[in-house]
1. Just checking, which of M137, M144 is touching a residue at least 24 places away in the same chain (Cβ under 8 Å), within 16 Å of the chain's Cα centre (by Cα) and open to solvent by 40 Å² or more (accessible area, probe 1.4 Å)?
2. Any idea which of S93, S104, S156 is polar (S, T, N, Q), modelled with pLDDT under 95 and in a helix (DSSP H, G or I)?
3. Sort out which residues of segment 147-183 are open to solvent by less than 70 Å² (accessible area, probe 1.4 Å), under 23 Å from S38 (Cβ atoms) and of a type in the set (A, V, I, L, M, F, W, C), and write them in order of number.
4. Identify the single condition in (1) closer than 26 Å to S104 by Cβ; (2) open to solvent by 40 Å² or more (accessible area, probe 1.4 Å) that G187 does not satisfy, given that it satisfies every other one.
5. Output the residues belonging to segment 107-121 that are surrounded by fewer than 18 Cβ atoms within 10 Å (Cβ to Cβ) and of a type outside the set (D, E, K, R).
6. Could you tell me whether segment 72-81 includes any residue that is crowded, with 21+ Cβ neighbours inside 10 Å, farther than 22 Å from D21 by Cβ and hydroxyl-bearing (S, T, Y)?
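The values are calculated or read from the model by the stated rules, or taken from the named source; none is laboratory data. None of the values given here were measured: they were computed from a predicted structure. For neighbour counting, all protein chains shown are included, and Cβ atoms are generated from backbone atoms with ideal geometry for every residue, glycine included. Side chains included, ligands, DNA and RNA excluded: accessible areas come from the protein's heavy atoms. Shrake-Rupley method; radii C 1.70, N 1.55, O 1.52, S 1.80 Å.
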Amino acid sequence: TESKDVEMKEVAPEKSQAELDALTIEDIKEQIIILEKSVVSKEPRFVMRVLRQLASTRRRLNDSVLRQLIKNHQSDSYDFKQTLLGYLAAAESEDKPQYKSVISDVYIHMLTLVYLLDSKRINDGVVCAQALINKVMSVNKPSMQALGARCFFYYSRAFELAGRLHEIRTILHGRLRTATLRHDSEGQAQLLNLLLRNYIHYSLYEQAELDAL
């Protein structure tokens, strides 16, 4: 019987957590570059491209990844930067600081909020969400509209998980009026859905029906 040579396939060693974190950071840095491109080109499709990756990105977030992103890729002038760092365990940072614009500041803030909610740190999430929305409402740029709409979704989610959804109804109404005046269709759709969810949560069906008209 002729012997058969069995080819042994080399099995690639599993990547360490540090290596996986480095890959995640590189991916998010690429996303930041795309967000910056949307500011320059005034093309919202670039923002939507980043947001479509969010489900994959959020699964890879951890303290180390977010701390490095905040420390090196969020502006020192960003009001909530030190508070965001305070939510996360200390980690060494290898990147050189590369500060970007307000859209990347807001994106990294939103990622931190998503991580807090996924980690069941709801009280921290509410404080983080309020600061995020304060920033979003202070910026009037077309490139921020799609990202701002997604920020409002997580803002509402934080308050819903905290059992405080009623507290944000007035803010959602005010922002819907602003989005309408600015012809922000992405924001209008998101805010209307959030208001309807808010009313239905408290069984305010008549008010929900009026808002839907």
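1. Details: M144 fails: open to solvent by 40 Å² or more (accessible area, probe 1.4 Å).
On inspection, the qualifying residue turns out to be M137.
2. Working: S93 fails: in a helix (DSSP H, G or I); S156 fails: modelled with pLDDT under 95.
None of the others qualify; the one that does is S104.
3. If we filter segment 147-183 for residues that are open to solvent by less than 70 Å² (accessible area, probe 1.4 Å), which is where we start, we get 147-152, 154-156, 158-160, 162-163, 165, 168-169, 171-176, 178-180.
Still in the list and also under 23 Å from S38 (Cβ atoms): 147-152, 154-155, 175, 178-180.
Answer for segment 147-183, where residues must be open to solvent by less than 70 Å² (accessible area, probe 1.4 Å), under 23 Å from S38 (Cβ atoms) and of a type in the set (A, V, I, L, M, F, W, C): L147, A149, C151, F152, A179.
4. (2)
5. First pass over segment 107-121, keeping only residues surrounded by fewer than 18 Cβ atoms within 10 Å (Cβ to Cβ): 118-121.
Across segment 107-121, the qualifying residue is only S119.
6. Of the residues in segment 72-81, the ones crowded, with 21+ Cβ neighbours inside 10 Å are 74.
Checking the rest, the ones that are also farther than 22 Å from D21 by Cβ come to none.
There is no residue in segment 72-81 that is crowded, with 21+ Cβ neighbours inside 10 Å, farther than 22 Å from D21 by Cβ and hydroxyl-bearing (S, T, Y).
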